[in-house]
Amino acid sequence: MFDFLKNSKPTALETIPKHIGIIMDGNGRWAKKRMQPRVFGHKAGMDALQDITLMSSEIGVKVLTVYAFSTENWSRPEDEVSFIMKLPVDFFDKYVPKLHENNVKIQMMGERNRLPEDTLKALDDACQLTKNNTGLILNFALNYGGRAELTLAIREISKKVSQGEIKPEEITEEVIANHLMTSDLPDLYQNPDLIIRTSGEIRLSNFLPWQSAYSEFYFTPVFWPDFNQEEYTKALEEYSHRQRRFGKV
Ligand code: FPP
């Protein structure tokens with residue numbers, strides 16, 4: 001059990017964010033510090049992801065969206081990209097059984113077109129296997145970019161307007177949200193309450209620009225593979241002290 005929960009009042013459970021987004025940054029630097037190749041950091045990052053997912057499920061988080069590969073990451077060295085693309089295969093064999101046991105449902109959002117077939121197959125298999133699970137949703141943002149997401153949504157909506165399916169004045173925030181990649185998540189949990197970024201970078205890097213309009217942010221210098229229960233607790237504790245007003249007083 002989380003120390004944070006053990007020592008807190010029962011009401012602290014109400015402050016657990018329902019949807020948490022994580023930018024898992026710093027794998028490369030973590031590996032470099034250990035004089036290891038960058039991909040060693042990505043492997044360690046998968047272990048960290050498994051731990052954080054299981055903890056999230058235990059404390060009642062509903063959705064965990066993790067930025068695994070952005071549309072900009074294709075410009076990395078080819079061997080690193082192909083290593084990252086193999087991770088879902090590893091993930092399926094090594095991590096999915098335990099997640100499935102814990103009632104975790106796996107989903108993916110991002111553009112499928114550029115992803116290799118075996119990457120897609122491993123992810124599709126994970127989604128298929130866990131599709132009836134009712135616990136935490138582990139949502140992989142893979143080949144995801146917020147601007148690309150909005151571009152696709154605008155294209156879709158424009159098509160509907162030009163075909164007379166909807167009128168321009170009927171385009172509401174809800175219509176836009178329904179055309180975003182997060183529309184596959186339950187209605188109540190499409191926008192992250194908390195976004196965590198590791199490794200000391202203080203920016204969003206094209207992660208959920210629409211959905212983060214009212215998110216709380218937590219930045220930590222810790223590299224992703226070192227982001228453990230203790231570090232997660234710090235983030236949750238800080239979130240529990242934030243006052244979310246959504247523009248009201
Ligand atoms: C950022 O660190 C991390 C990534 C681009 C990859 C993260 C992916 C995982 C942790 C595994 C995801 C799992 C699946 C199943 C896809 P970085 O390489 O940018 O680190 P640096 O900033 O130190 O260079």
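The values are calculated or read from the model by the stated rules, or taken from the named source; none is laboratory data. Quick caveat: nothing in here was measured; it's all calculated off a predicted structure. Because the Cβ atoms are built from the backbone with ideal geometry, glycine has one as well, and the counts that use them run over all protein chains shown. The protein model used for the area step is the full one, side chains on, heavy atoms only, and it has no ligands, DNA or RNA in it. Shrake-Rupley method; radii C 1.70, N 1.55, O 1.52, S 1.80 Å.
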Report yes if K234 is over 23 Å from D47 (Cβ atoms) and out of contact with any helix residue (DSSP H, G or I) (no Cβ under 8 Å at 6 or more places or on another chain), otherwise no. no
Practice prompt. Scan region 195-203 and give yes if some residue there is closer than 18 Å to V66 by Cα, without any contact (Cβ under 8 Å) to a residue 12 or more places away in the chain and part of a loop (DSSP other than H, G, I, E, B), otherwise no.
Written response: yes
Taking first residues from region 14-26 that are more than 15 Å from the ligand (Cβ to nearest atom) and second residues anywhere that are open to solvent by 10 Å² or more (accessible area, probe 1.4 Å) and among the small types (G, A, S), the pairs with Cβ under 6 Å that are 6 or more apart or on different chains are T15/S240; I16/G60
Checked region 221-243 for anything more than 16 Å from the chain's Cα centre (by Cα) and in a loop (DSSP other than H, G, I, E, B); matches are P221, V222, F223, N228, R242, Q243
Those residues of region 52-73 which are more than 11 Å from the ligand (Cβ to nearest atom), part of a helix (DSSP H, G or I) and open to solvent by less than 80 Å² (accessible area, probe 1.4 Å) amount to L54, M55, S56, S57, I59, T71
Per the list (1) within 11 Å of the ligand (Cβ to nearest atom); (2) under 19 Å from T220 (Cβ atoms); (3) part of a strand (DSSP E or B); (4) of a type outside the set (A, V, I, L, M), residue check on D47 breaks on (3)
All conditions in (1) open to solvent by 30 Å² or more (accessible area, probe 1.4 Å); (2) within 21 Å of N206 (Cβ to Cβ); (3) away from the ligand (no atom under 12 Å from the Cβ) are true of P77 except (3)
Within region 183-201, the count of residues that are within 15 Å of the ligand (Cβ to nearest atom), charged (D, E, K, R) and open to solvent by 30 Å² or more (accessible area, probe 1.4 Å) comes to 1
Exception for Y218 within (1) assigned to a helix (DSSP H, G or I); (2) closer than 22 Å to Q50 by Cβ; (3) of a type outside the set (A, V, I, L, M) falls at (1)
Scanning region 10-37 residue by residue, those part of a helix (DSSP H, G or I) and at pLDDT 95 or above turn out to be N27, G28, R29, W30, A31, K32, K33
